[in-house]
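Every read-out reported here was derived from the displayed coordinates using simple, explicitly stated rules and does not represent laboratory data. Computed from a predicted structure; not experimentally measured. Cβ atoms come from the backbone with ideal geometry, glycine included; neighbour counts cover every protein chain shown.
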Amino acid sequence: MILLGLALSALIAALAYRRRSLSASGVAGAILVGTLIFGFGGWVWGLTLVAFFIYGSALSKYKEAQKSAVAEEKFDKGSRRDFGQALANGGFGAVLAVLHFLFPAEPAFFAAFVGTMATVNADTWATEIGVLSRRPPRLITTGRVVPPGTSGGVTLVGTLATLLGGLLIGLTVWLFVGVQELWRSGAADLVGRFWILPAAVAGGLGGSLFDSLLGATVQTMYVNAETGKETEKKVSRSGVKNRFSRGLPFMDNDMVNFISSAFGAAVAALVASSLK
């Protein structure tokens, strides 16, 4: 299964690179994460990762020109995912896949995987759609109005997108599990697996809001040397080093995403345990 996971991950990563959804380092990260999740988790886990990548890649192209100005000024990285982003989005899921393989009788790992994938998908939707909000975001900690793209800023549109992103992963996993059960035994207990949906929505929402909280409090931020505005970028467009403004030096956006995905996993596991 590991070799099959490696082959499938390499194929998907190569296609994504051709479509400019992954950078060269992102290909390596996607292959590593995909191999672990496919190889140790199985088909449902692996296909869920693929679905997340398809959803995110398609959404990043939606009104891309309109979002590019904000991304250029505020975000440290563009729409092409690199190695760090691949690990940030799928790294905790890979850890859970290995744990699931080692302890197959423990259902919490699968529920946690649903939560971590719901979180990264919900956060992607919140960013890609929230930045298009006609109303400016407000900082999650104080309610103060902040410029679009500010870390820790939330909007009603972005929050609704978060809910939809989490629900979409829940529906995806729910259907994949049903197909797998139908293939193996000829019958699918979709009612018995209904817990996947609320676990995904709760995990996605909780993880995404926690991401915003970290962004507003401990994420590393800089002041652009050219514009004087806050940014995630260490270096300005002209190559001048930006001034450190706030946060923890090691807490970049990738680290925030990874920690948030773990938080969303915990939320989903708790919700699942209360519903089963």
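What to note about this one:
- Were the residues from ARG135 through ALA28 laid out at 0.36 nm apart, the gain over their Cα-Cα distance would be 34.7 nm.
- Of the peptides 265-275, 133-143, the order by per-residue mean of other Cβ atoms within 10 Å, starting with the highest, comes out as 265-275, 133-143.
- Computed label-point distance, nm, for sites ARG20 and THR142 using a 7 Å Cα→Cβ extension: 3.8
- Most fluctuating residue given options GLY56, GLY34, GLY178, as computed from a GNM of the chain linking Cα atoms under 10 Å: GLY178
- Close Lys pairs in region 2-275, defined as Cα atoms under 23 Å apart and 8 or more places apart or on different chains, number 20.
- Compared with the alpha-carbon gap, the fully stretched path from GLN180 to PHE101 is longer by 26.7 nm at 0.36 nm per residue.
- Here the Gaussian network model covers the chain, with springs between Cα atoms less than 10 Å apart; of VAL146, VAL218, VAL240, VAL240 fluctuates the most.
- Simple rule: put +1 on each Lys or Arg Cβ and -1 on each Asp or Glu Cβ in the chain, find the dipole, and look at SER260, GLY152, PRO198; the Cα lying farthest toward the positive end is GLY152.
- Computed about its Cα centre, the charge dipole of the chain is approximately 740 debye, with only Lys, Arg, Asp and Glu carrying charge at their Cβ.
- Computed over Cα pairs, the Kirkwood radius of the chain leads via Stokes-Einstein (1.567 mPa s, 4 °C) to a diffusion coefficient of 69 µm² per second.
- Sum of -39500 (n - 2.57) over DSSP H runs of 4+, divided by residues of the chain (222 nm, nearest 500): -22000 deg cm²/dmol
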